[in-house]
Amino acid sequence: MDMVVVDVAGAPKRLGLTGRLDAGGTEKVEVAFGAQVRAAQRHVLVDMTGVSFVGSLGIRMLIAAARVSDRGGFKLVIFGAQPAVAEVFRTIALDDLIPVMPDEAAALAQIQA
Amino acid sequence: MLRRAAPAAVAEPIVHLLDIDAAEGEPARRVAIGPGPLTIGRGAQSDVVLPSGDVSRSHCIIALEDGAAVVTDLGSTNGTIVDGRRADGPQRLASGARLALGPFTLVYRSGRAAEFARTEEVEKDLARAGRYVAALLPPPLADGPVRADWRFVPSTNIGGDGFGYGWLDENRFAAWLLDVSGHGVGSALLAASVMNLLRVHSLPGTDFTDAASVLAALNDRFQMDRQGGLYFSIWYGVYDVRTRILGFGCAGQHPGFMMVPGDAAPHPLWVKNPAVGLAPDWPYRRAEVVVPPGARLHLFSDGAFEVITPDGLQLTIGDFLPVLAAPPVHGLAEPERLWRAVRNASRAGPLDDDVSLVTLDFV
């Protein structure tokens, strides 16, 4: 599980995840992911295009991060979920709790809305 | 002041072990790899005998060379597979390497004896947690208007599955299946807490005949922030024999699936709601379905379908539906048939998650 941070002044922070967000993958990235969201102090885009699997601990990581953003008055928007991952998001109703958009353009539009 | 030289620290020796998973009716066991070579094969003269026609009489040998374990295939018919690849020549094994010999999986481990003792203690605790959860499960029901049977296979790390069913009164029958996030004793503890509440209907002010009321009460009681960061998904339904109506609700859980006589495809029973603990004060919704005579309801945990195949493919629920729709096997309980399909579809070795399979038959 890897994370790539794109931090450009004036734009939402972009966190790109790659790999399996299962128990082991989540453990590997959770602390760094949370720290990036806490330090962002602006909107956050989470790029899931490279994530092939999301388990229950991965869901918890995303929800905890969204709560941090929300408490700071910012949005956290997920985009690019692969079909199997999108199905998990739908099953657990994550998309009722966090904006989940098909691509980056839609995610940016969601932030600007 | 006299100073005495401290005794030189004696490094604890490294031990080398082979964990052999249960297969072909043989129980799981652990074998130490000593200074001499360890022969493995079907033949009785082998140090480790693996009784299967797919294992050669003298299949392979494991020996320690410069402190490392090296496996060498002895020209076996089906080969010695190390981490998914056939070993062509002598191959050094990393701790955790998985050897596949016919239907048997052997995991090589090396480390200090004290570390193994600690790991064994943790594994014993996990096994105890699994047995406790299993003790809370209801007995199968062979008679009455609703028949129930199940198969529960806890994973090595305990996945936090739980389920139950029973009569709320003379006319209404409740069934539920839950899955706590994460693995380990913490998940099992939360699963056991919820199972006990549901078994004795101990949520004050809650109408246990109404799925939405139960989900809302659980959500109020088990918010993630107050449960060590744990949450759970659950399917809960109540069947009324007078009306043949099944009222149900899901919280973050995939559908239950109903097989109806005459219909080839399973009917998903699902309502979109977040898992319990994720969203305070969520207005949980429920739905209803009429249950025809002879219908069969399948409830199962995601461990039944989120398996990885021997080819490394990640399966999803869509891959499991044809298994549900397949005809029953005479003489084989339906949960057992499903479990064998899960086991056959997944790669060798222990499964990553609990597998819970509950089958309810409506007369």
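Would it be correct to say that A:Arg90 is basic (Lys, Arg) and within 12 Å of chain B (Cβ to nearest Cβ)? Write out each step before concluding.
Working: basic (Lys, Arg): yes; within 12 Å of chain B (Cβ to nearest Cβ): yes.
Against the criterion (basic (Lys, Arg) and within 12 Å of chain B (Cβ to nearest Cβ)), A:Arg90 qualifies.
All conditions in (1) within 26 Å of B:Asp353 (Cα to Cα); (2) surrounded by 19 or more Cβ atoms within 10 Å (Cβ to Cβ) hold for B:Gly228, with the sole exception of (2).
From the list B:Gly182, B:Gly237, the one residue that fits, being within 14 Å of chain A (Cβ to nearest Cβ) and open to solvent by less than 10 Å² (accessible area, probe 1.4 Å), is B:Gly182.
Every residue, every condition in (1) touching a Lys or Arg at 6+ places or on another chain (Cβ under 6 Å); (2) within 21 Å of B:Leu17 (Cα to Cα); (3) open to solvent by 20 Å² or more (accessible area, probe 1.4 Å), yes or no:
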| residue | (1), (2), (3) |
| --- | --- |
| B:Thr77 | no, no, yes |
| B:Ile81 | no, yes, yes |
| B:Leu93 | no, yes, no |
| B:Glu115 | no, yes, yes |
| B:Pro139 | no, no, yes |
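Which of the residues spanning segment B:156-182 are of a type outside the set (Val, Ile, Thr) and under 21 Å from B:Gly229 (Cα atoms)? Answer for segment B:156-182, where residues must be of a type outside the set (Val, Ile, Thr) and under 21 Å from B:Gly229 (Cα atoms): B:Asn157, B:Gly159, B:Gly160, B:Asp161, B:Gly162, B:Leu177, B:Leu178, B:Asp179, B:Ser181, B:Gly182. Summed over segment B:269-293, residues that are more than 11 Å from every other protein chain (Cβ to nearest Cβ), within 25 Å of B:Asp319 (Cα to Cα) and not β-branched (Val, Ile, Thr) total 1.
Residue by residue, here is whether (1) at pLDDT 85 or above; (2) in a strand (DSSP E or B); (3) under 30 Å from B:Pro335 (Cβ atoms) holds:
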| residue | (1), (2), (3) |
| --- | --- |
| B:Ser46 | yes, no, no |
| B:Ser52 | yes, no, yes |
| B:Ala63 | yes, yes, no |
| B:Leu106 | yes, yes, yes |
| B:Ser110 | yes, yes, no |
| B:Ala127 | no, no, yes |
| B:Val133 | yes, no, yes |
| B:Leu137 | yes, no, yes |
| B:Gly144 | yes, no, yes |
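For B:Ala251, the conditions (1) of a type in the set (A, V, I, L, M); (2) open to solvent by 10 Å² or more (accessible area, probe 1.4 Å); (3) closer than 20 Å to B:Asp353 by Cβ; (4) modelled with pLDDT of 95 or more all hold with the exception of (2).
Within segment A:22-49, the set of residues being within 14 Å of chain B (Cβ to nearest Cβ), open to solvent by 40 Å² or more (accessible area, probe 1.4 Å) and under 12 Å from the mean Cα position of the chain (by Cα) comprises just one member, A:Glu30. Could we say that B:Asp311 is in contact with a Lys or Arg (Cβ under 9 Å, 6 or more places away or on another chain), open to solvent by 10 Å² or more (accessible area, probe 1.4 Å) and either of a type outside the set (Val, Ile, Thr) or within 14 Å of chain A (Cβ to nearest Cβ) (or both) here? Yes.
Tell me the residue from A:Gly19, A:Gly10 that is within 14 Å of chain B (Cβ to nearest Cβ), farther than 23 Å from B:Phe232 by Cα and either acidic (Asp, Glu) or not in a helix (DSSP H, G or I) (or both), please. Give the derivation first.
Details: A:Gly10 fails: within 14 Å of chain B (Cβ to nearest Cβ).
Checking each option against the conditions leaves just A:Gly19.
Identify the residue in segment A:82-101 that is open to solvent by less than 30 Å² (accessible area, probe 1.4 Å) and of a type outside the set (S, T, N, Q) and, among all such residues, is nearest to the chain's Cα centre (by Cα). Before you say what the answer is, go through the steps one by one.
Here is the first cut: in segment A:82-101, the residues open to solvent by less than 30 Å² (accessible area, probe 1.4 Å) are A:85, A:89, A:91-94, A:98.
Among the residues that remain, those that are also of a type outside the set (S, T, N, Q) are: A:85, A:89, A:92-94, A:98.
Working: A:Val85: 12, A:Phe89: 12, A:Ile92: 15, A:Ala93: 15, A:Leu94: 11, A:Ile98: 9 Å.
This residue is A:Ile98.
Test B:Ser58 against the criterion of being at pLDDT 90 or above and touching a strand residue (DSSP E or B) at 6+ places or on another chain (Cβ under 8 Å), and give yes or no. Outline the logic, then answer.
Values: at pLDDT 90 or above: yes; touching a strand residue (DSSP E or B) at 6+ places or on another chain (Cβ under 8 Å): yes.
Here the answer is yes, as B:Ser58 does meet what is asked.
Of all residues in segment B:253-278, those that are touching a Leu at 6+ places or on another chain (Cβ under 6 Å) and farther than 12 Å from B:Trp235 by Cα total 2. Please go through segment A:83-113 and give me each residue that is under 21 Å from A:Lys13 (Cα atoms) and outside any helix (DSSP H, G or I), ordered by number. A:Leu97, A:Ile98, A:Pro99, A:Val100, A:Met101, A:Pro102, A:Asp103, A:Ala113 - these are the residues of segment A:83-113 that are under 21 Å from A:Lys13 (Cα atoms) and outside any helix (DSSP H, G or I). Here is the figure for segment B:30-58: residues that are more than 17 Å from B:Arg92 (Cα to Cα) and either open to solvent by less than 40 Å² (accessible area, probe 1.4 Å) or of a type outside the set (A, V, I, L, M) (or both) total 18.
Residues of segment A:50-74 that are facing chain B (nearest Cβ under 7 Å) and either closer than 16 Å to A:Ala32 by Cβ or polar (S, T, N, Q) (or both): A:Ser52, A:Ser56, A:Leu57, A:Arg60.
The values are calculated or read from the model by the stated rules, or taken from the named source; none is laboratory data. The shown structure was predicted, so the numbers you read here are calculated from the model rather than taken from an experiment. In this analysis, Cβ positions are derived from the backbone assuming ideal geometry, glycine residues included, and neighbour counts consider all displayed protein chains. These accessible areas exclude ligands, DNA and RNA; they are computed on the full protein's heavy atoms, side chains included. Shrake-Rupley method; radii C 1.70, N 1.55, O 1.52, S 1.80 Å.
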